[in-house]
1. Only one of Glu285, Glu278, Glu363 is open to solvent by 20 Å² or more (accessible area, probe 1.4 Å), at pLDDT 90 or above and either among the polar types (S, T, N, Q) or not in a loop (DSSP other than H, G, I, E, B) (or both); which?
2. Please state which of the following conditions Thr151 fails to meet, knowing it meets all the rest: (1) under 23 Å from Arg346 (Cα atoms); (2) outside any strand (DSSP E or B); (3) of a type in the set (S, T, N, Q).
3. Does Arg346 count as in contact with a helix residue (DSSP H, G or I) (Cβ under 9 Å, 6 or more places away or on another chain), charged (D, E, K, R) and either more than 26 Å from Pro216 (Cα to Cα) or at pLDDT below 95 (or both)?
4. Step by step: first the residues of region 240-258, then only those that are assigned to a helix (DSSP H, G or I) and in contact with a strand residue (DSSP E or B) (Cβ under 6 Å, 6 or more places away or on another chain), then the one that is surrounded by the fewest Cβ atoms within 10 Å (Cβ to Cβ). Which residue is that?
5. Mind telling me which of the residues Val214, Val231, Val237 ends up being among the β-branched types (Val, Ile, Thr), buried (at least 24 other Cβ atoms within 10 Å of the Cβ) and at pLDDT 90 or above?
6. Just one of Val231, Val325 is touching a Pro at 6+ places or on another chain (Cβ under 8 Å) and either under 18 Å from Trp204 (Cβ atoms) or acidic (Asp, Glu) (or both); which is it?
7. Report, by residue number, each residue of region 320-332 that is open to solvent by less than 10 Å² (accessible area, probe 1.4 Å) and either in contact with a Phe, Trp or Tyr (Cβ under 9 Å, 6 or more places away or on another chain) or in a loop (DSSP other than H, G, I, E, B) (or both).
8. When the residues of region 305-319 are narrowed to those that are of a type outside the set (Val, Ile, Thr) and surrounded by fewer than 16 Cβ atoms within 10 Å (Cβ to Cβ), which ends up nearest to Gln295 (Cα to Cα)?
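The values are calculated or read from the model by the stated rules, or taken from the named source; none is laboratory data. Quantities reported herein were computed from a predicted structural model and do not represent experimental measurements. Cβ placement follows ideal geometry from the backbone for every residue including glycine, while neighbour counts extend to all protein chains displayed. In case anyone asks, the SASA skips ligands and DNA or RNA and just uses the protein heavy atoms, side chains included. Shrake-Rupley method; radii C 1.70, N 1.55, O 1.52, S 1.80 Å.
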Amino acid sequence: PNQESETSKTPDRHPPKKAAMVTRKHRPSLPTLSGADAESFVVSVRPRPAGLAAALAAAGVLLLVAFGGDSSVTPSLFDDSAAVPRARWMGAEDGDDGSLNSTSDTDLLRTMHAFFDPIDPDSQRLRMDEAAGRAQLEVWKEAWESKGWKTKVLTLEDAKRHPRYDETNDALDKVPLDGWGGTAHYNRLCYLRWLAMAASGGGWMSDYDTVPLVPPPSAEEVLEMAPRFTVFNDEGVPSLLFGTAQGWDRMAEALVFAGTQHTDPDEKLFSDMMALMELQKEMMEDGKTSRHFNQRRDVLEGRHVLTGTVWNEKDCKIVAGKRAVHFSHNAMIKGKLSKRQQKADRPEVIRDWIKMYREQCEEVKES
């Protein structure tokens, strides 16, 4: 997660944790509903802001959304004493995020979003100041637009447009967010970016240190993906994501609800990435591989491409079949850099790699 800053400082309402890090207790098992009970507790239909559905409707596209049971039931989202939240965000069928029966090439379907909200360097893990963050954002913008995408940057103000922002923000007070070095506000923003995407109509979002290898997908591929939220990193890292507004809404609830189950007072951090990995683990354990979201292996972690050498044509096979590369903070540590590169200068490391990739792989292929 990479919204490594903050425009408005929100008071940190999460109480300090003990300094010692201990193994957390296993979180309580979630209640299970079935049959009529599961059908009666479903996501209620709420007005959505203009976005993916509106753009598709304007293009003559029908968005089909199927719900079961009584849609007037709107229980509290984060009442962990009931089975309601689990039924709300699990979904009984793979297609519960909405289905598209046709699509067209609209601006929204070709727009990549990133979340960036400047914060004090001491309030985020990487200690990047606003100038460094904006330099990284500019590299992200250049990379996606060079591949034919449009780009849009979301902020905390976009999350606040969501009708359940206050309820979600309050629920995050129950989630361990302090982390290490006073990063609670940064970790809170990581969760709230999911609301920003839902409030903006859904579509694509990437971390701002993720760069593309391919142009936007075809209309047919978007049609195939739409029924279920899609995570493109098989390691459970939310570096590249796609979903309808309903899918982003459902996933935001799922992640925050998972976080509220971590009640061990000695647990220091349960980030949105950790919540996504927990949902991934649940899917693997029960064999329902699309219960929460569909998962692909389309994103390559940057440590694999940072070889410390100038690539030749054979090295291009490293990224074969991939949609994007994620140059995370971890990639800067585990990858190999050239002698003149510094781990702290991530924007330049990424820009250098993109230039090399184009020269050694794309241009050679074209010739």
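1. On the way: Glu285 fails: at pLDDT 90 or above; Glu363 fails: at pLDDT 90 or above.
The conditions single out Glu278.
2. (2)
3. Numbers: in contact with a helix residue (DSSP H, G or I) (Cβ under 9 Å, 6 or more places away or on another chain): yes; charged (D, E, K, R): yes; either more than 26 Å from Pro216 (Cα to Cα) or at pLDDT below 95 (or both): yes.
Considered against the rule, which asks whether it is in contact with a helix residue (DSSP H, G or I) (Cβ under 9 Å, 6 or more places away or on another chain), charged (D, E, K, R) and either more than 26 Å from Pro216 (Cα to Cα) or at pLDDT below 95 (or both), Arg346 comes out as yes.
4. Residues of region 240-258 that are assigned to a helix (DSSP H, G or I), as a first pass: 245-258.
Of the ones still in play, those that are also in contact with a strand residue (DSSP E or B) (Cβ under 6 Å, 6 or more places away or on another chain) are 245, 248.
Working: Ala245: 25, Trp248: 29.
Looking at the filtered set, the residue picked out is Ala245.
5. Values: Val214 fails: buried (at least 24 other Cβ atoms within 10 Å of the Cβ); Val237 fails: buried (at least 24 other Cβ atoms within 10 Å of the Cβ).
One residue alone meets the criteria, Val231.
6. Details: Val325 fails: touching a Pro at 6+ places or on another chain (Cβ under 8 Å).
Only one candidate qualifies: Val231.
7. Step one: list which residues in region 320-332 are open to solvent by less than 10 Å² (accessible area, probe 1.4 Å), which gives 324-327, 331-332.
Within region 320-332, Ala324, Val325, Phe327 qualify.
8. Of the residues in region 305-319, the ones of a type outside the set (Val, Ile, Thr) are 306, 308, 311-317.
This time we only want the ones that are surrounded by fewer than 16 Cβ atoms within 10 Å (Cβ to Cβ), so: 308, 312-314, 316-317.
On the way: Gly308: 30, Asn312: 31, Glu313: 29, Lys314: 28, Cys316: 24, Lys317: 22 Å.
My answer is Lys317.
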